[in-house]
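Structure record follows, encoded as structure tokens.
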């Protein structure tokens with residue numbers, strides 16, 4: 001079996017401050033090192049459970065965060081940089097998906113670095129009337145392609161969000177959120193051991209997982225943080241404006257709706 005590891009930054013072990021995840025941040029280099037450590041631990045766990053090939057995609061920001069020379073050679077492909085309108089290149093060759101280092105949706109109380117897509121411009125997202133974050137969006141994208149999310153890692157809030165959405169998913173709680181930029185963090189080696197253990201468990205129990213599939217068509221609604229930033233109506237003829245900060249698009253899949261935004 002082949003496993004796809006999709007990696008964000010805010011839920012990575014040891015990360016609790018925005019300066020660790022922004023490319024202009026004073027602690028960004030530290031955040032890059034921490035991302036690599038979680039990735040390598042996850043890869044090791046997958047391999048120990050018998051995974052044949054492992055594809056890893058850096059999906060945080062520009063997709064150019066990891067430190068190449070420090071990445072494990074046990075993976076088969078690292079997918080870096082701009083991937084255009086394919087959020088999961090190589091997914092068709094894989095059977096299960098791990099969402100590593102994810103964070104809770106915007107507005108989740110006490111969740112570390114909570115947001116949905118953009119803390120600067122997006123207030124909330126909904127799929128078919130249900131408020132969602134990046135976890136649900138990505139689980140829906142891979143679900144439309146017949147793939148289950150088998151594991152999620154991050155703080156306690158995103159792990160709870162995952163369990164509500166995907167009842168059988170394996171979670172690795174590497175920290176507990178107290179505020180949006182502070183929490184109770186496991187020590188490094190305990191975090192990495194937990195990720196390895198949960199990755200082994202997720203791959204070994206993959207037959208218990210089901211893809212998340214939303215009813216079609218997908219109605220993706222977005223509420224912006226500021227007025228005056230909605231797209232021009234002629235630029236998106238498939239868009240319906242709800243109010244001065246909110247609009248809806250439709251798509252045949254979650255991925256199509258996401259990129260129509």
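Every number here is computed from the coordinates shown, using simple stated rules; none is lab data. On a predicted model such as this, the values are computed, not experimentally measured, just so you know. All Cβ positions, glycine included, derive from the backbone under ideal geometry; neighbour counts span all protein chains shown.
Would you please put 35-46, 183-194 in order of how densely packed they are, using the mean number of other Cβ atoms within 10 angstrom per residue and starting with the highest? Before the final figure, lay out each step's value.
Values: 35-46: 24.6, 183-194: 15.7.
Highest mean packing first, the order is 35-46, 183-194.
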Enter the angle in degrees (range 0 to 90, nearest 10) between the Cα long axis of helix 28-48 and the first principal axis of the Cα atoms of the chain, meaning the one along which they spread out most. 60 degrees
Could you tell me whether the range 113-188 comes out rounded, prolate or oblate from its Cα gyration tensor? Rule is a ≥ b ≥ c as square roots of the eigenvalues, rounded for a/c under 1.5, then prolate if a/b exceeds b/c, otherwise oblate. oblate
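Classify the range 1-65 as rounded, prolate or oblate from the Cα gyration tensor: take a ≥ b ≥ c as the square roots of its eigenvalues, call it rounded if a/c is under 1.5, otherwise prolate when a/b beats b/c and oblate if not. The partial results should precede the final answer.
Numbers: a/c = 3.35, a/b = 2.16, b/c = 1.55.
Verdict is prolate for the range 1-65.
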Helix 188-204 sits at what angle to the longest principal axis of the chain, using alpha carbons and giving 0 to 90 degrees rounded to 10? 80 degrees
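Starting from the Cα gyration tensor of the range 141-258, take the square roots of the eigenvalues, sort them a ≥ b ≥ c, and report rounded, prolate or oblate (rounded when a/c is under 1.5, otherwise prolate if a/b is larger than b/c, else oblate). Display every interim value, and only then the final one.
On the way: a/c = 3.64, a/b = 1.62, b/c = 2.24.
Oblate shape, in that a/c is at least 1.5 and b/c is the bigger or equal ratio.
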Inter-centroid distance (Cα atoms) of the range 18-71 relative to the range 139-165, Å: 18 Å
